[in-house]
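Shown next, in C-alpha cells, is the structure this report addresses.
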Amino acid sequence: MKICFKQRSILPGFGLALGFTLVYLSLIALIPLLGLFLRTAELTWGQFWATVTDMRVLAAYRLSLGASLIAATINLLFGATVAWVLVRYRFPGRRLVDALIDLPFALPTAVAGISLTAIYAETGWIGRYLEPLNIKVAFAPLGVVVALTFIGLPFVVRTLQPVLEDLDPEVEEAAASLGARRGQTVRRVILPELWPVLMTGFALAFARALGEYGSIVFISGNMPMRTEIVPLLIVMKLEQFDYAGATAIAVVMLSMSFILLLAINLLQWWSGQRHCVMQP
Amino acid sequence: MSIEVQHISKHFGTFAALKDVSLNVATGELVALLGPSGSGKTTLLRIISGLEAPDQGSGQILLHDEDVTSRHVGTRRVGFVFQHYALFRHMTVFKNIAFGLQVRPRKLRPARHQIREKVHELLKLVQLDWLADRYPAQLSGGQRQRIALARALAIEPKVLLLDEPFGALDAKTRQELRRWLRRLHSELHVTSVLVTHDQEEALEVADRVVITNAGRIEQIGTPEEVFHHPANEFVMNFVGHVNVFHGRVEGDRAFLGPLEVEYSGQRHATTKPARGLIRPYDIDIETQANGKPGFKATVRHINAAGPQVKIDLTTDSGEPVHVELPHERFQALGLVVGKTVFVNPREINVFVDDERR
C-alpha cells in the first residue's frame with residue numbers, strides 16, 4: 001500500500017526540500033549523536049552505572065538541571081516583561097535596548113563569565129554590597145544561576161517579540177470594555193494567548209543553559225560537589241582521555257534534557273490543541 | 001438623553017481628529033456616524049466608550065445624564081463591537097459571551113447557572129445556540145460578529161457602540177446582518193451608535209444619520225433628510241452618487257459646464273465659483289432637443305444589469321455624465337453606444353463656494 005504524505009501541489013520542491021532536510025539533519029545532528037551512544041556502548045553496564053552514579057557526577061546533574069531551570073524561569077518572567085515593554089511602548093533609546101538584548105548572543109561566553117565574576121566577586125561593584133548581606137554570588141551556585149540567566153535572556157525576548165507584535169490590542173480593549181480589570185485581562189486573555197510561545201522561549205533558554213560551559217567555569221569556581229556543572233565534568237573526563245566516561249555522562253544529560261524538552265513540547269501541543277483548530 | 005457629547009475635541013499629536021463636536025442620542029435610538037476615513041467618526045465612538053480620552057478640558061461625555069468623562073471604560077457599562085470581532089481565540093463561544101459576567105467582582109457576579117442561562121438566552125437571540133462549544137476560529141465572519149455582539153450585550157450595556165461592525169464581511173453577509181441588526185434593535189431598544197463609511201448601510205439601518213467630515217459634524221438628520229435635503233455639498237456628494245459640474249454663479253443665473261440654469265439661492269454681489277450636483281436618477285435623456293435646459297452628450301457605456309439601467313455619457317467638452325433610467329424608459333429610447341442624445345437634468349443642487357472653508 002502506498003502512503004501519501006502530501007497533497008499534490010503545483011508548486012514543486014517538497015521532495016527536494018525534505019530530502020535536503022533529512023541529509024542535513026543526519027550530518028549535523030543525528031550521526032554525531034549516534035557516535036555518542038556508540039562510544040558509550042564501549043562500557044559495560046556496570047562501568048556505565050558506576051560512572052553516572054558517582055556522587056560528584058550526581059551533584060553536577062543536580063546543579064546543571066536545577067540552575068538551568070531556575071535561570072530559564074527567571075528569564076521567562078523578566079524576558080516577557082522586557083519583550084512587552086519593547087513592543088508596546090515607544091521611548092527614547094528603545095532601539096538601543098533592543099540591540100542590547102542580542103549582546104549575550106554575540107559575546108564570547110568566557111568574556112561574560114569573567115565580567116560577571118569581576119562584578120559579583122566579594123570586592124566587585126555589586127558583590128561588595130551583597131557581601132554584608134551574606135549573599136555570595138561568585139564562586140557559589142547562585143553565580144551559576146546568574147550566568148545562565150544572562151546567556152538565556154535573548155531566547156525568551158526574541159521568541160516572544162514577534163508574537164507580541166501580532167497580539168491585537170483590540171482584544172485587550174474588548175476585555176476592558178466588558179469590565180475586566182487589568183490583572184484579569186492579563187491573566188485570562190493575554191497569558192493564554194502567549195502560553196505556547198512562552199513555553200518555547202522557556203525551552204530554548206533552558207536548553208541553552210544546559211549546554212553552557214564558557215561563562216560558568218569562571219564564575220562558579222568549580223568546587224567538587226558544590227559548583228561543578230555537567231559540561232565541566234565531561235571536559236575533565238576528556239582531558240583524562242576517558243572518552244567513554246565522558247560520553248556516558250553526556251548520554252544521561254542528553255536523555256534528561258530530551259525528556260524535559262519533550263514534556264514542554266507536549267504541554268505546548270496540548271495548550272495549542274484547544275484553540276488552533278482548522279477551519280471546518 | 002442616553003448619550004450627550006458636549007464640545008469634545010481630540011488631537012493626535014498635531015492632527016485634529018475631532019474639533020469641538022457635540023451630539024445627542026435619544027434613548028432607544030440607533031444613530032449612524034457616517035463619513036470618509038479619517039473624518040473622526042471612530043475616534044468619537046471610542047471617546048464615548050472610554051477607550052480613548054478627549055483632549056484635557058475639552059468637554060464632557062454624559063451617559064444617561066451621568067458625567068462619565070473621567071470614568072474608565074470598564075465602569076461605563078458600554079457594549080463595544082469591533083470591526084475585526086476581537087473575540088478571545090482561546091475561549092469557546094460560550095466562554096467568550098460569559099466573560100463579561102465572570103470578571104465581575106464576586107459580590108456582583110451571577111451564580112454559575114444564572115450565567116449559563118444568560119449565555120444561552122443571548123445565543124438564542126443571535127440565533128447561534130448550536131455553536132456554544134466552538135472556538136472562534138471555527139466560525140464564519142458573520143457568525144463571529146454575531147457572537148461579538150452577544151458578548152457585548154451580556155453585560156447589559158447602557159449603550160451599544162459598533163465600530164464598522166460589518167466592514168470585514170462580504171457584501172451578501174453584510175446585507176443580511178444589517179437587516180438582522182435592525183430587527184434586533186427594534187426588539188431590544190438599546191441605545192446604539194454605529195460607525196460606518198458605507199452610506200447605504202447608514203441609510204438603511206439608522207434612525208438618524210450623523211455625517212462627519214474632517215473632525216466636524218456636517219449634518220444630523222433622518223436618512224431621508226440627509227439624502228433628499230443635504231445641508232451642504234459635502235453631504236450631497238458623500239451620500240449617494242452625484243454628477244458634479246463646475247462653473248459659476250452670476251446674479252440669478254448659474255453657468256455650470258454645459259448647463260445654464262436659474263439660481264434661486266442666496267444672492268452674491270460678485271461672480272462666484274460654484275458647482276452643480278445632480279443625482280444620476282434626476283436626469284432624463286431625450287433623443288431630440290425639447291427646449292428644456294440641457295445639453296448634448298454621447299452614450300459611452302450601458303449597463304442594464306440591476307433595477308435601473310446605468311448609462312455613461314460624455315458631453316461635447318469631454319465631461320463624464322452618469323445617468324440611471326428605468327428599464328421601460330431605456331427601452332422606449334432605444335439607446336445604443338455611440339448615439340448622440342440630449343440630457344435634461346430634472347433637479348440640480350447648486351453650491352456656491354462657502355466662506356467657511
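The values are calculated or read from the model by the stated rules, or taken from the named source; none is laboratory data. The structure displayed is predicted, hence computed values, not measured ones. Neighbour counts are summed over all protein chains in view; Cβ atoms, including those assigned to glycine, are modelled from backbone coordinates with ideal geometry. Calculation scope for accessible area: heavy atoms of the full protein, side chains included, ligands and nucleic acids excluded. Shrake-Rupley method; radii C 1.70, N 1.55, O 1.52, S 1.80 Å.
Summary table
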quantity: Residue B:119, sole failed condition from (1) facing chain A (nearest Cβ under 10 Å); (2) buried (at least 21 other Cβ atoms within 10 Å of the Cβ); (3) free of Cβ contacts under 8 Å to residues at least 40 places away in the same chain; calculated: (1)
quantity: Any hit, segment B:142-150, residues being away from chain A (no Cβ under 13 Å) and farther than 17 Å from residue A:185 by Cβ; calculated: yes
quantity: Flag if residue B:262 is within 25 Å of residue B:323 (Cβ to Cβ), without any contact (Cβ under 8 Å) to a residue 60 or more places away in the chain and assigned by TED's automatic domain parsing to the domain that holds residue B:349; calculated: yes
quantity: Matching residues, segment B:193-235, being under 30 Å from residue B:11 (Cβ atoms) and more than 13 Å from the chain's Cα centre (by Cα); calculated: B:214, B:215, B:216, B:230, B:231, B:232, B:233, B:234
quantity: Subset of segment B:76-85 [facing chain A (nearest Cβ under 7 Å) and either more than 19 Å from residue B:195 (Cα to Cα) or open to solvent by 70 Å² or more (accessible area, probe 1.4 Å) (or both)]; calculated: B:84
quantity: Every residue from segment A:224-255 that is open to solvent by 60 Å² or more (accessible area, probe 1.4 Å) and in contact (Cβ under 8 Å) with a residue 40 or more places away in the chain; calculated: A:224, A:225, A:226, A:243, A:254
quantity: Hits in segment A:38-54 - residues which are surrounded by fewer than 13 Cβ atoms within 10 Å (Cβ to Cβ) and hydrophobic (A, V, I, L, M, F, W, C); calculated: A:38, A:45, A:49
quantity: Selection count, segment B:172-194, where residues are more than 15 Å from residue B:141 (Cα to Cα) and polar (S, T, N, Q); calculated: 3
quantity: Test: residue in segment B:16-35 that is assigned to a loop (DSSP other than H, G, I, E, B), buried (at least 24 other Cβ atoms within 10 Å of the Cβ) and more than 14 Å from chain A (Cβ to nearest Cβ); calculated: yes
quantity: Hits in segment B:309-320 (condition: surrounded by 17 or more Cβ atoms within 10 Å (Cβ to Cβ) and part of a loop (DSSP other than H, G, I, E, B)); calculated: none
quantity: Residues of segment B:122-131 classified as open to solvent by 10 Å² or more (accessible area, probe 1.4 Å) and over 20 Å from residue B:185 (Cβ atoms), total; calculated: 2
quantity: Flag for residue A:90 being without any contact (Cβ under 8 Å) to a residue 40 or more places away in the chain, of a type in the set (Lys, Arg) and out of contact with any Pro (no Cβ under 8 Å at 6 or more places or on another chain); calculated: yes
quantity: The listed residue being polar (S, T, N, Q), free of Cβ contacts under 8 Å to residues at least 12 places away in the same chain and out of contact with any strand residue (DSSP E or B) (no Cβ under 7 Å at 6 or more places or on another chain), out of B:102, B:56; calculated: B:56
quantity: Members of segment B:102-151 found to be assigned to a helix (DSSP H, G or I), more than 27 Å from the chain's Cα centre (by Cα) and charged (D, E, K, R), listed by number; calculated: B:112, B:116, B:117, B:118, B:121, B:124, B:129
quantity: Any hit, segment A:259-271, residues being more than 14 Å from every other protein chain (Cβ to nearest Cβ), of a type in the set (Phe, Trp, Tyr) and in contact with a Pro (Cβ under 7 Å, 6 or more places away or on another chain); calculated: no
quantity: Candidate set: segment B:86-101, residues that are assigned to a helix (DSSP H, G or I) and at the interface with chain A (Cβ under 8 Å from one of its Cβ atoms); chosen: the one surrounded by the most Cβ atoms within 10 Å (Cβ to Cβ); calculated: B:100
quantity: Residue within segment B:62-75 that is facing chain A (nearest Cβ under 9 Å) and open to solvent by less than 50 Å² (accessible area, probe 1.4 Å) present; calculated: yes
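A quick yes/no check of all residues on (1) crowded, with 21+ Cβ neighbours inside 10 Å; (2) in contact with a strand residue (DSSP E or B) (Cβ under 7 Å, 6 or more places away or on another chain); (3) more than 14 Å from chain B (Cβ to nearest Cβ):
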site	(1), (2), (3)
A:178	yes, no, no
A:188	no, no, no
A:195	no, no, no
A:205	yes, no, yes
A:210	yes, no, yes
A:214	no, no, yes
A:221	no, no, yes
